[in-house]
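For reference, the structure is listed below as structure tokens.
Read-outs: derived from the displayed coordinates by stated rules, not from any lab. Nothing here was measured: the structure is a model prediction, and the numbers come from that model.
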Amino acid sequence: MNPKVEGEKGRLEIKVKAGFLGVKFLPKVVAFASTNFNPKLILSEAGIEYRAFLFTSRIDYSEIEKIDILIWIKTNNIYFIRTNSIITVSLNTNNETELYTSLHYLVEKGCVLSERAEEFYLNKKNKIF
């Protein structure tokens, strides 16, 4: 299953339920800011656009150190761990298909996946093909 990229060329809007800001040295379930009012995740040729708190922000793919995930009760979070920043961004897709779609797009952009994210991605990919 290859993600459908709609609208602008190379632009993929992922449905998310909530966004969170955390820090690298704390467990992933701990955040210092969050929003469930109009969170967003858009992956495009220009980079990653997200709203995890009040304002929309952008990250270039070169700023991503690693992508991680957390799958738990009603939670399918994708984590953006950035180079040269202690701040992490996570977004809850609440859906494994949306999570897979995000990872697929990010892998094609050259982003590095954590062991957990890579295992999830490859398992989903093998079930699809």
Share of antiparallel DSSP beta bridges in segment 12-128, in percent to the nearest 5?
95 percent
Under the definition of Cα pairs under 8 Å and six or more residues apart, what whole-number percent is the relative contact order of segment 12-128?
25 percent
Rounded if a/c is under 1.5, else prolate if a/b is larger than b/c, else oblate: which is segment 12-128, with a ≥ b ≥ c the root eigenvalues of its Cα gyration tensor?
rounded
